[in-house]
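Nothing in this text is a laboratory measurement; each read-out follows from the coordinates by a stated rule. Just so you know, these numbers come straight off a predicted model, no measurement behind them. As a convention, Cβ positions derive from the backbone with ideal geometry for all residues, glycine included, and neighbour counts pool all protein chains shown.
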């Protein structure tokens, strides 16, 4: 229990902080809304997104808030239902990427020697593999890029960048006094890594998670946009693919092309804002100082001087 | 010195591993280039000509994978990259040399500009914390960098090129331009580069700003900066020569890395803006199963990224001696 | 400090933008002045998804579309839109003899190569023997049926066939470009030579090539007086459809071969004279894998054919541009004169979901509780694959899958990447594949590609056509009987019998008619092929047709 105290303290601080900081609030609210939509799309979507039952290519109206596609599908329903895939890809890929980055990067930095060399070699080789050709090769064998395949490829190609970053950070922390003290006390390597080395890196790790999530959203939608994803599924990336092939912008259906892009931007911004705010949680120096408190402090100093 | 040698050795091993992978990845793909060509030209090739095409591309003959592998390694070391299949019969090296300057030029320069401007803005906004600059710029650009790149590109084309007609719709230069070093050609190239460069810079600058800003804030809070201020050094000097130098470390390593990814990162830019660079060539090579071109492009990316990693490690070691110490 | 820094940044930015603006002005001026001097150039819109390689070798499929027809010409022009109507080109006359196993061409006098040297029958004989010497150049596989090609006298060339192959006239006379002996005999390896400066007899000479644009100029000494009037032609390279379509919409290109969604609002309404015509040329069909159950059961194939509302697929998936096809396999209206009334009346409209269900029931299938047909406990569960890179085909199979599901056949659409798709189709590793053959000047060509067993190959080996693995010795004999005759009546009767095969055995299920994409502005240039005068195929990717059309264009402004 005593070992978990630093972690618990950090989490409590995080919660208090989120309530205070505007950016963090905004990011969390947006993310929460998207999570709800992703979990229960049927509460929000008026129609079946795949049904081509409506008049094709109409503009926005009460029944179709964002109009219809050239095949006669409701754009708003597609947007709602597509939320799930994008949110899930962001969170799942972010999670696995972070686990792998932390595991490999920190271990390499702490262990040093041959382990460091071989893990770094692995990291660099994976880093070099081009994503697009890899996904084409893999989809060739599995006959279609399913959701989990996309997740697997994105995790596989995405963890190495974070691992390098974390390794560098861990390297510069490795020789700090409190770690040497812990080692001298006789604590195991495992304890030193998880309880003493990782917590100070929390902000970088969370930043890693959030940027991996952002990377996943943008990369997945880029792949789907070019047509390498599963064109049958409903996701924001495939909406953009169809809008692009049917030239939505040019044929008077701009909402069809704009909406998914804005949706991706909203999800991405939420992640980015949280990232921005999270840096301030573990690094008090980054926290914004309010004008009023500043002036009060200045007055106090002047009075003393 | 030992450090340098170790990193170099490391680089060579990684290079060999990546080359081997690059040899096998295309061969894992189903089908062969002749079938891909048949499919592309299904209007104009007599269906029974498949074997003639295979003969032309040298795929018909059966060579063991091992001997093909060693031949590939040998050829690569000699700089013989073969003849492209999708651009048959132009050699691969010719195709790459044509496109390379465009990718490097556009994406490379945009990355440099993004890095320089972003880092500077980040440093300044950290120095003047709470000021107007800090409140507006970082959050705005963070949000913009969350937009999907290709979407911003398409919107930019629609707005600035088609509706407002300020810039050309596509390409690296206009069709009727003659490729030579004259002011008019250079001007033409710049006009075509502005929109794609602008899109790259605004979507990537947010990252640079944030990284620099946060590191700068941490550094500024350190004791030695307070000491420098107490000693009476000018704020400029502290900002750029003391705090800035130390805060830049993660940004620099990130910058070195992103230079390595210039080519593969160029794919979307070139697709959306029709830019005559290597990124799109890579995508096409994969879709056309053009083995020689694919392998040459993979090689280029591999070398670029590994070199970038190497340089970034050296830079880290030079700037932060702590990373040089082994336990 | 702050002001100085910010000021510096702003100043740099200003200088950059200003110098760009200044430098751009000469570029704008020079390019416009170049155009204003002579006639307005013709700009083409042909998206190939790649930059130009600037190779012009007429025998290599990657470079031949950019030289065959405009720089290099063939012996005759064969019109695929008028059932193979022949117009003399480099050969002024031809004659079959010796039971249609010998073909003699009389070569036109007075023609010169673009480098000034005279053209003669020797060049024709040389060209064909070059193909024999380098089989990699023989992409039309003419030597699979030829025995010998030799010059006779000063102006004739005699082709001796090893086996009667009258349909090969299209390839021999209409597809093989004639090259100059005096230049090509000096080339060591014509297979790998890029031929960056092609010399031909044609109306257009390649004058300038960059990866972004190919420019041709009219041949001042062209042998056809009054043709090749348009002085300059540009073909810019486009990497994606959208940018290419923008060029058409803004009027920067005047002749295009593009798939344009909602063409009326996007293109036609933008400028007076913007027109389009999409002539149907071949079929896009569902190829059932005949070696796989339950597709080996003709009842299942018949049910599939009747279950699909082809008009619906056309309207929703292709904006109505591609007309519905007919199960008898004849592309109309292009080949309407070939339709057999017996076959057509058997099929009716081709859409009858009730009949689909009754056919399956008669074959012993019963509808399960989930609404899908099954027999002996096995449900009919099929996957339809198509080229993931063609978004309109993807839309088509999604619509078809929904319609099959409605009738009670469980169908799932799959869209693998292009190379995977073609590898699987050629090797027969699929259940239903949505694809198209290349076709030819009469319906026979496509049907032979579909049905001739020797085109096929065992499952697992790549077949160049007949992907469904259809094998019928009777049909093979029927197809071979077409090869020996030049009588139009006999040809039509053979095709009628093939149509009967299509509507009784359902070896291939045609869904839509593939069209040539073609849009142009009729007020800027005239002379294009039209519905009333379909003298050539108008797509910019058809060789030698588009060069032939180019020779006939005239500027109107």
How large is log10 of I(q)/I(0) for segment B:144-237 at q = 0.18, 0.22, 0.23 Å⁻¹ when the intensity is taken from the Debye formula with one equal scatterer per alpha-carbon?
-0.85, -1.07, -1.12
I need two numbers for segment C:319-416: Rg to one decimal and Dmax as a whole number, Cα atoms only, in Å.
16.1, 47
Once Rh for segment C:294-358 is found with the Kirkwood sum over Cα pairs, what is the Stokes-Einstein diffusion coefficient at 20 °C and 1.002 mPa s, in µm²/s?
167 µm²/s
The percentage of Cα-Cα pairs in segment C:54-114 separated by more than 19 Å is 48 percent
Under the Debye formula (equal points on every Cα, no solvent term), log10 I(q)/I(0) of segment B:206-327 at q = 0.17 Å⁻¹
-0.91
Multiply the residue gap between residue C:554 and residue C:293 by 0.36 nm, knock off their C-alpha separation, and tell me the result in nm, one decimal place.
88.3 nm
Is any residue of segment C:408-445 close enough, with backbone N under 18 Å, to a label point placed 7 angstrom from the Cα of residue C:337 along the Cα-Cβ axis, and if so, which?
C:440-445
How many partner chain Cβ atoms sit within 10 Å of a residue's Cβ in peptide B:91-97, on average, as a whole number?
1
Summing -39500 (n - 2.57) over the DSSP H runs of n ≥ 4 in chain C and dividing by its residue number, what mean residue ellipticity at 222 nm do you reach, to the nearest 500 deg cm²/dmol?
-10000 deg cm²/dmol
Two-site FRET efficiency, residue A:43 against residue A:22, from Cβ-Cβ distance with R₀ of 25 Å, rounded to 0.05:
0.30
For segment C:492-557, what's the radius of gyration and Dmax over Cα atoms, in angstrom?
17.5, 55
What number, in nm² with one decimal, is the all-direction average of the projected area of the convex hull of the alpha-carbon atoms of segment C:183-322?
15.0 nm²
First measure r as the distance between the Cβ atoms of residue C:184 and residue A:122, then evaluate 1/(1 + (r/R0)^6) with R0 = 45 Å and state the FRET efficiency to the nearest 0.05.
0.25
Percent relative contact order for segment B:202-327, counting Cα pairs under 8 Å at least six residues apart, stands at 24 percent
Considering only DSSP beta bridges whose two residues both sit in the protein assembly as shown, what percent are antiparallel, to the nearest 5?
85 percent
For segment C:408-523, just the Cα set please: Rg and Dmax, both in angstrom.
16.6, 54
Whole-number percent relative contact order across chain C, with pairs defined as alpha carbons under 8 Å at least 6 apart:
20 percent
Prolate/oblate/rounded label for chain C (Cα gyration tensor, a/c 1.5):
oblate
Does segment A:216-276 classify as rounded, prolate or oblate by the C-alpha gyration tensor (a ≥ b ≥ c root eigenvalues; a/c under 1.5 gives rounded; else a/b over b/c gives prolate, otherwise oblate)?
oblate
Spacing of the two label points (7 Å from each Cα toward its C-beta) at residue C:132 and residue A:111, in nm
7.0 nm
Difference of contour (0.36 nm per residue) and Cα-Cα distance, residue C:277 to residue C:358:
25.2 nm
Segment A:150-284: relative contact order as a whole-number percent, Cα under 8 Å and 6+ apart
26 percent
Prolate/oblate/rounded call for segment B:250-319, Cα gyration tensor, a/c under 1.5 rounded:
oblate
For a Förster distance of 56 Å, can you work out the FRET efficiency between the beta-carbons of residue A:36 and residue B:183, rounded to the nearest 0.05?
0.45
So if I average 1/r over every pair of distinct C-alpha atoms in the protein assembly as shown and take the inverse, what Kirkwood radius in Å does that give?
32.9 Å
Need one value for B:10-23: mean number of C-beta atoms belonging to other chains within 10 Å of its residues' C-beta atoms.
3
In nm, give the distance between the simple-model label positions of residue B:315 and residue C:93, each being 7 Å from the Cα along the Cα-to-Cβ direction.
7.9 nm
